[in-house]
Amino acid sequence: MVTRADLEERDRNDPLAPLREAFDLPPDVVYLDGNSLGPLPRRVAERVGEVVERQWGRDLIRSWNVHGWIDLARRVGDRIAPLIGADRGEVVAADSTSVDLYKLAAAALEASAPQRRVVVSEHRNFPTDLYMIQGLSRTAAALSGSGSGRPVELRTIGSRDALPEALGDDVALVMLTHVDYRSGELWDLEETTRRIHDAGALALWDLAHSAGAVPVDLDAAGADLAVGCGYKFLNGGPGAPAFLYVARRWQERLRSPLQGWMGHAAPFAFEPEYRPAAGIGRFQCGTPPILSLAALDAALELFDGLDPAALRTKSQALGDLFLELVDSECAGFGLEVACPRDGQRRGSQVSLRHPEGYAIVQALIARGVIGDFRQPDVLRFGLAPLYLRHVDVWDAVQHLREVLRTRAWDRPEHRTRAAVT
Ligand SMILES: *Cc1c(COP(=O)(O)O)cnc(C)c1O
């Protein structure tokens, strides 16, 4: 059986171990929620300070040119590109994941044949993804006035096996989340994209729980569209801009439904008619949030030159270790494993189930082990390979065992639901 000393040894031999120092992590915390909000990279605090005080404070509006604020969203996109198998000029940081989904789904529907009006997704997908398509459908129906033309329809599948039969010749777009937020289960991105294309539809991938921890190769898979989060494994800070990807072959054929001036071919020509910019820039809308973009840009520097495969190897090892320790230390307390045991099929998280999941997570947080809870009974632990040590996994599982053994969760304060779980 593995011991804590074995894991100290693993940490000493971990090529990614020095990166932990780049984060300002509280010393008494085991942080297993980097899949919800990445921790603060030290250089982000410095960079934001400089952008606020020197760029905004001293150089004022000149900074749009002098400090390149006007191109920052595209430069950040180019920094994200290697993490998701994209080329330069295929990614831009903009808006939120929800808004980016809307823009890309609407663009894909507009470019599809009129008889293809269905967007296929999973019933268990992260709800905002479904809400955005429901809203798009409602708006499309309302604006079509006479009701002429087919309405946009969301078709959800209840299990992954149901995908083939959902792919009729009325489907324009399939919108899937690469790593399931609740179970951590992965889709085979390449094989699924091929199946979607065989059915004549486009593939829109949500990489919210992939980018920064689970490498994907969008270009190699022939993916069409993708979105993802800046504040999860990319550590861009609360409310960091999201990113969107449009494969080069689609860029001149797709148009954003949100035609803001920052997506115009010549924003400072102040022309009364909209003309989309060439390339990925047309998917921007309004003025970008420079402070947040600067924070994300600085956070992304940590990934420069890193081999995404090394991140994956460590993240799988941490997940395997977590499950091995849960099996050996926490048997008999009613926990169930709710994520794939096979590391190849699992994203960068471990999910467990327990009827008292919420209270158990609260009791862990009270001990400094921060994970989170997802309805109805899932305890979720994000495993970020940049800063977690193998001993952190050991310590987390020891705390989990103690919370279960002593029933430390069984207190009123641990059952009171906060607004954010
Ligand atoms: C976290 C997450 C989002 C978040 O969307 P925002 O608009 O950035 O709040 C969207 N989709 C998935 C799958 C997520 O996990």
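We did not get these values from a lab; they are worked out from the coordinates using the rules stated. Fair warning: this is a prediction, and the values are worked out from it, not measured in the lab. A quick note on method: Cβ atoms are made from the backbone with ideal geometry, for glycine too, and the neighbour counts reach across all protein chains shown.
In units of the compact-protein estimate 2.2 N^0.38 Å, segment 312-369 shows a Cα radius of gyration of 1.17. Suppose a student asked you for the relative contact order of segment 91-185, using Cα pairs under 8 Å spaced at least 6 residues apart; what percent would you report? Answer for segment 91-185 is 39 percent.
Counting only C-alpha contacts under 8 Å and six or more residues apart, can you give the relative contact order of segment 3-112 as a whole percent? Kindly include the intermediate steps, with their values, before the conclusion.
Numbers: 47 pairs, mean separation 13.8, N = 110.
Worked out over segment 3-112, it gives 13 percent.
When you restrict to C-alpha pairs under 8 Å that are six or more residues apart and normalise by the size of the chain, the relative contact order lands at 22 percent. Axis of helix 290-300 versus longest Cα principal axis of the chain: the two differ by about 50°, to the nearest ten degrees.
Working note: 222 nm ellipticity from helices only, DSSP H runs with n ≥ 4, each -39,500 (n - 2.57), summed and divided by the residues of the chain, gives -10000 deg cm²/dmol to the nearest 500. When the chain is treated as a GNM with alpha-carbon contacts under 10 Å, the residue of 187, 409, 64 showing the greatest mean-square fluctuation is 64.
Count Lys and Arg as plus one, Asp and Glu as minus one, and take only other residues whose Cβ is under 12 Å from that of residue 20; the net charge is then -2. Between residue 417 and residue 156, the simple label model (points 7 Å from Cα in the Cβ direction) yields a spacing of 1.7 nm. Put a dot 7 Å past the Cα of residue 328, heading toward its Cβ, do the same for residue 52, and the two dots end up 4.6 nm apart. Shown here: the chain, whose C-alpha atoms stretch 67, 58, 41 Å along the first, second and third principal axes, sorted largest to smallest. Normalised by 2.2 N^0.38 Å, where N is the number of residues, the C-alpha radius of gyration of segment 72-229 stands at 1.01. Just add up the charged neighbours of residue 323: K/R +1, D/E -1, any other residue whose Cβ is under 12 Å from the Cβ of residue 323. Overall, the nearby charge balance is -4.
How do 131-142, 277-288, 82-93 rank on mean C-beta neighbours within 10 Å, highest first?
Working: 131-142: 16.2, 277-288: 19.6, 82-93: 22.6.
Descending packing order for the listed peptides: 82-93, 277-288, 131-142.
So what is Rg over Rh here for segment 224-353, counting just Cα atoms and using Kirkwood for Rh? Ratio value, two decimals: 1.15. Between the helical axis of 97-111 and the longest alpha-carbon principal axis of the chain there is an angle of about 40 degrees. If the segment from residue 24 to residue 115 were pulled out straight at 0.36 nm per residue, it would be longer than the present Cα-Cα gap by 27.5 nm. As an exercise, use a Förster radius of 25 Å and the Cβ-Cβ distance of residue 273 and residue 98 to find the FRET efficiency, rounded to the nearest 0.05. The computed FRET efficiency comes out at 0.30. The label point for residue 197 and the one for residue 301, both projected 7 Å from the Cα toward the Cβ, are 3.8 nm apart.
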